[in-house]
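Let me begin by presenting the structure, written as structure tokens, before commenting on it.
Quick note: the coordinates plus some simple rules give every number you see, no bench work behind them. It should be emphasised that the depicted structure is a prediction, and the values quoted were computed from it without experimental measurement. Cβ: placed from backbone, ideal geometry, glycine included. Neighbour counts: every protein chain shown.
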Amino acid sequence: MKDKILSPSLLSADFSDLSKAIKFCEEKKAGFIHIDVMDGHFVPQISYGQPVIKSIKKLTSLPFDVHLMVERPEECVESFAESGADWITFHQEATVHIDRLISRIHQLGKKAGISVVPSTPISAIENVLPLVDLVLVMSVNPGFGGQKFIPYCLEKVCLLDSMRKEKKYNYLISVDGGINEQNVQSVLEAGADVVVSGAAFFNGALNWEVL
Ligand code: DX5
Ligand code: ZN
């Protein structure tokens, strides 16, 4: 499991003690910290943004894997880059000029990720697959932690894995939503490199070190 990366989602952490939550991530051998940014438009809730990211950045050297669930991400990538995001992932469904935004994120010196919700097929992002560093496959409808895993999303993980082998693409495949001890093996076997986990991880129900 050495080459697989655990990216715990802080959405399920105790917001009154993020320092403790980040220490817990480090102890449990996380490779990234997953930061879910929600704007109340693309998804119904509002979570946290640039000021929070800036202040927790000093607590860890783990890379920040920022998942933008926001409309018009092009308006905020610069400020997220300045706040401490290392990987910036935005949604195919949230903007039009995807190619331009990937270039912008790269110009800012950050890794660029593209995400799709469960109902969006991989064909919608096919043209930009050679350009991105990460593809985030949502395995729940985004917006809330602790939802149930949607199994058909794994077909997209398999497809992305075979496409990158065939075409020599370099993206990491990340899977986000409803991952727990029961389904994590199937996610990894489908070809995921990065496992995002919120509720199961912070409840102690995903024992990454023993996988
Ligand atoms: C959903 C978020 C996820 C989610 C993961 O909108 O993008 O990162 O919080 O948490 P669990 O593992 O609880 O589904
Ligand atoms: Zn997420």
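On the given criteria, is Asp65 outside any loop (DSSP other than H, G, I, E, B), within 16 Å of ligand 2 (Cβ to nearest atom), touching a Pro at 6+ places or on another chain (Cβ under 9 Å) and closer than 24 Å to Gly146 by Cβ?
Here the answer is no, as Asp65 does not meet what is asked.
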Residue within segment 99-110 that is β-branched (Val, Ile, Thr) and touching a Lys or Arg at 6+ places or on another chain (Cβ under 6 Å) present: no
Answer residue from segment 70-103, given it is β-branched (Val, Ile, Thr) and in a strand (DSSP E or B) and is farthest from the chain's Cα centre (by Cα) among those: Ile88
Cross-chain or 6+ apart pairs with Cβ under 8 Å, segment 29-48 first and under 12 Å from Leu10 (Cα atoms) and within 11 Å of ligand 1 (Cβ to nearest atom), then part of a loop (DSSP other than H, G, I, E, B) and of a type in the set (A, V, I, L, M, F, W, C): Ile35/Ala85; Val37/Val70
In segment 181-209, residue farthest from Ala13 (Cα to Cα) [restricted to those that are of a type in the set (S, T, N, Q) and away from ligand 2 (no atom under 16 Å from the Cβ)]: Ser186
Criterion violated by Tyr48 - all others in (1) within 19 Å of Leu206 (Cβ to Cβ); (2) within 16 Å of ligand 2 (Cβ to nearest atom); (3) aromatic (Phe, Trp, Tyr) satisfied: (1)
Set Val132, Val137: member being of a type outside the set (Asp, Glu) and within 15 Å of ligand 1 (Cβ to nearest atom): Val137
Residues that are free of Cβ contacts under 8 Å to residues at least 24 places away in the same chain and of a type outside the set (S, T, N, Q), drawn from segment 156-200: Lys165, Glu166, Lys168, Glu189, Ala200
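Yes/no matrix, rows are residues, columns are (1) farther than 20 Å from Asn141 by Cβ; (2) touching a Ser or Thr at 6+ places or on another chain (Cβ under 8 Å):
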| residue | (1), (2) |
| --- | --- |
| Lys28 | yes, no |
| His34 | no, yes |
| Ser55 | yes, no |
| Phe64 | yes, no |
| Glu74 | yes, yes |
Selection within segment 1-25 - more than 16 Å from ligand 2 (Cβ to nearest atom), under 22 Å from Gly49 (Cβ atoms) and not in a helix (DSSP H, G or I): Asp14
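Does Asp176 satisfy the condition of being touching a Leu at 6+ places or on another chain (Cβ under 7 Å), within 15 Å of ligand 1 (Cβ to nearest atom) and closer than 23 Å to Phe64 by Cα?
So Asp176 passes the test.
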Qualifying residue in segment 130-138 (condition: farther than 25 Å from Glu78 by Cα, over 16 Å from the mean Cα position of the chain (by Cα) and not aliphatic (A, V, I, L, M)): no
